[in-house]
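A quick write-up on the structure given underneath.
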Amino acid sequence: MVQRTLSTPAEDGAARDGSTIRGPVRTCVGCRQRAEATALVRIVARRGDGPPVTVVDLAKTMPGRGAWLHPRRDCLSAAVRRKAFPSALRAPGLTVAPDDLAEAIGGITEVDGLNGRNR
Ligand SMILES: [Zn+2]
C-alpha cells in the first residue's frame with residue numbers, strides 16, 4: 001500500500017500520463033474533471049420520511065445513485081451552486097446541506113492524509 005500525496009492541479013486531473021490511474025474513474029460533479037474513484041467522495045441521497053437529504057457515503061457501499069466529488073471545498077461549492085446533486089442523484093427536491101457536507105469532507109481529507117487543504 002503506497003501512500004502518495006498527489007497535489008493534483010485542478011485543470012489537469014491525474015489522468016494526463018495515464019500511469020496514475022489505478023481504478024475506476026468517475027467525474028466530479030463540482031469541477032467536472034475525471035478522477036479515480038478512490039480520490040473522490042461519494043455522495044448519495046438518503047430518503048426518509050421527509051425530503052431526501054445528501055449524505056457522504058464514506059464506505060462507498062450505499063445503494064442507489066451516487067454523485068462523486070473531490071474532497072475539496074471548491075468542488076463542493078461549485079456543485080451546490082450548479083445544483084449538481086439533485087440532477088446527479090435524480091432526486092428533485094433534494095436538500096443539500098453544504099456545511100454538513102463540508103464537515104464530513106473535511107474529516108475525509110484528514111483521514112486520508114492527503115494535502116487537500118493547501119491552496
Ligand atoms: Zn472536483
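The values are calculated or read from the model by the stated rules, or taken from the named source; none is laboratory data. Quick caveat, the model's predicted, so the values are computed rather than measured. Glycine gets a Cβ as well: all are built from the backbone with ideal geometry, and neighbour counts include every protein chain shown.
For this structure, a couple of remarks:
- Test: residue in the range 90-97 that is at pLDDT 90 or above and out of contact with any Pro (no Cβ under 8 Å at 6 or more places or on another chain): yes
- Only a single criterion out of (1) within 12 Å of the ligand (Cβ to nearest atom); (2) surrounded by fewer than 19 Cβ atoms within 10 Å (Cβ to Cβ); (3) at pLDDT 90 or above is not satisfied by residue 40, namely (2).
- Filtered residues of the range 55-79 (kept if hydroxyl-bearing (Ser, Thr, Tyr) and within 16 Å of the ligand (Cβ to nearest atom)): 77
- For residue 119: the one exception among (1) of a type outside the set (A, V, I, L, M, F, W, C); (2) within 11 Å of the ligand (Cβ to nearest atom); (3) modelled with pLDDT under 90: (2)
- A search for C-beta distances below 8 Å between a residue of the range 64-77 that is more than 11 Å from residue 43 (Cα to Cα) and without any contact (Cβ under 8 Å) to a residue 40 or more places away in the chain and any residue that is more than 6 Å from the ligand (Cβ to nearest atom) and assigned to a helix (DSSP H, G or I), counting only pairs 6+ apart in sequence or on different chains, returns 73/102; 73/105.
- Taking the numbered list (1) modelled with pLDDT of 95 or more; (2) in contact with a Gly (Cβ under 6 Å, 6 or more places away or on another chain) in turn, residue 29 passes all entries but (2).
- Residues satisfying the stated conditions in the range 84-98, i.e. farther than 15 Å from residue 55 by Cβ and in contact (Cβ under 8 Å) with a residue 24 or more places away in the chain: 84, 90, 93
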